[in-house]
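Colleague: My structure is below; once you've seen it, I'll send some questions.
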Amino acid sequence: MSKRDFFINRYKQLGWNFVNIRPNQAVRINRNNSEPKELLLRLKNSGVQLEQIPFLKNGYWVIQSKVSVGATAEYLLGFYSIQGAASQIPASLFTKIRGRKVLDACAAPGGKTVQLADLMGNTGLIVGLDVNKRRLRALSNHLERCHISNSIAYLLDARQSSVLNLKFDRILIDAPCSGNFTMDKNWFNRRTIKDIKQNAKLQRELLRNCANCLEDHGEIVYSTCSLEPEENELNMDWAVANLNLKIEKIDCYGEKGVINIFGKKLNNIVTRCRRIWPGKTQGFFVCKLRKKW
């Protein structure tokens with residue numbers, strides 16, 4: 001069996017029949033910097049045709065563009081960000097985020113950090129971490145371009161986030177992961193189960209350390225762009241059993257989390273997670289956790 005067939009068979013066991021798709025490019029309007037109707041008109045006059053994404057408040061598909069959407073004056077002025085449709089979901093799941101202390105544990109290149117700031121109205125504080133200097137520069141540039149004034153960027157592995165000596169009300173863990181085939185045409189050839197298990201181990205370390213930095217009643221939103229259950233439902237099942245966290249109900253695009261995984265039955269509460277199979281968007285997974293009290 002080829003590696004491609006091996007993974008496709010795994011997805012079938014999880015309830016999805018493989019479809020080889022490439023999702024449309026998507027953007028998100030930064031409402032702190034622009035008014036949507038005016039921006040849409042300006043872009044239309046520049047040859048950029050957008051269509052609102054039904055399940056996102058500020059997200060738009062790029063239907064047609066005579067110019068690169070990453071080179072317009074409006075982009076350079078921070079009026080919008082280029083951000084995948086599914087990637088816009090995690091930050092939107094936090095409750096009462098204005099004025100809070102927020103940790104973006106794996107922040108670079110900054111799309112979700114900017115989105116958090118937009119949702120917060122540039123109030124409160126966002127601490128954005130990344131372990132890679134080059135990626136941290138990209139994060140800093142993104143924050144500057146979008147006029148973000150409530151964020152601090154640190155070169156720090158989130159597994160050492162306790163050195164900040166801060167407790168956070170909200171924590172976003174958009175975890176390093178295996179990705180999926182919609183983002184890399186050579187994905188099936190590159191990826192192995194060993195890689196996936198190594199990523200799952202790293203993700204659990206991130207979850208454990210970030211949970212230790214969470215305020216009482218605080219929220220963690222965990223997400224990956226992986227389709228592999230080791231990095232998604234199995235991690236959430238582990239977190240519930242080991243980290244004094246519970247999974248919250250969420251209302252967003254996607255299907256219920258899978259709880260029957262290759263012969264193993266998970267906690268029923270894992271169905272509250274959302275698994276987004278490739279189709280309208282790239283593949284994705286998201287879950288909201290709250291500290292038990």
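Colleague: From the set of residues in segment 255-273 that are in contact (Cβ under 8 Å) with a residue 40 or more places away in the chain and surrounded by 14 or more Cβ atoms within 10 Å (Cβ to Cβ), which is farthest from Ile220 (Cα to Cα)?
Modeller: It comes out as Ile261.
Colleague: Taking Ala91 as the residue in question, decide whether it is within 17 Å of the chain's Cα centre (by Cα) and without any contact (Cβ under 8 Å) to a residue 40 or more places away in the chain.
Modeller: No, not satisfied.
Colleague: Do we find that Asn33 is outside any strand (DSSP E or B) and touching a His at 6+ places or on another chain (Cβ under 8 Å) in this structure?
Modeller: Against the criterion (outside any strand (DSSP E or B) and touching a His at 6+ places or on another chain (Cβ under 8 Å)), Asn33 qualifies.
Colleague: Same structure, new question: I need the full set of residues from segment 70-107 which are in contact with a Lys or Arg (Cβ under 7 Å, 6 or more places away or on another chain), farther than 30 Å from Asn45 by Cβ and surrounded by fewer than 24 Cβ atoms within 10 Å (Cβ to Cβ), in order please.
Modeller: Leu93, Phe94, Ile97, Arg100
Colleague: Same structure, new question: Among (1) modelled with pLDDT under 95; (2) more than 29 Å from Arg274 (Cβ to Cβ), which single condition is Arg22 missing?
Modeller: Here Arg22 clears every test but (2).
Colleague: Going by what's in this entry, would Ile196 be described as more than 15 Å from Val286 (Cα to Cα), surrounded by fewer than 22 Cβ atoms within 10 Å (Cβ to Cβ), in the same structural domain as Gln160 (by TED's automatic domain parsing) and under 19 Å from the mean Cα position of the chain (by Cα)?
Modeller: yes
Colleague: If you don't mind, another one. Could you check segment 175-190 and list, in sequence order, the residues that are assigned to a loop (DSSP other than H, G, I, E, B), touching a residue at least 60 places away in the same chain (Cβ under 8 Å) and surrounded by fewer than 21 Cβ atoms within 10 Å (Cβ to Cβ)?
Modeller: Listed by number, the residues that qualify are Pro176, Met183.
Colleague: For residues that are without any contact (Cβ under 8 Å) to a residue 60 or more places away in the chain and among the charged types (D, E, K, R), scanning just segment 11-41, find the one that is surrounded by the fewest Cβ atoms within 10 Å (Cβ to Cβ).
Modeller: Step by step, filter segment 11-41, then rank; the result is Lys37.
Colleague: Identify all residues within segment 52-69 that are surrounded by fewer than 12 Cβ atoms within 10 Å (Cβ to Cβ) and either of a type outside the set (Ser, Thr, Tyr) or not assigned by TED's automatic domain parsing to the domain that holds Asn33 (or both); write none if there are none.
Modeller: Result: Pro54, Ile63, Gln64, Lys66.
Colleague: Need at least 1 residues that are under 21 Å from Arg159 (Cβ atoms) per element, so show me which strands (runs of 3 or more DSSP E) inside segment 195-293 make the cut, counting only ones lying wholly within it.
Modeller: Correct list: 214-224, 245-247, 284-291.
The values are calculated or read from the model by the stated rules, or taken from the named source; none is laboratory data. The structure displayed is predicted, hence computed values, not measured ones. Please note: Cβ atoms are built from the backbone with ideal geometry, for glycine as well, and neighbour counts cover all protein chains shown.
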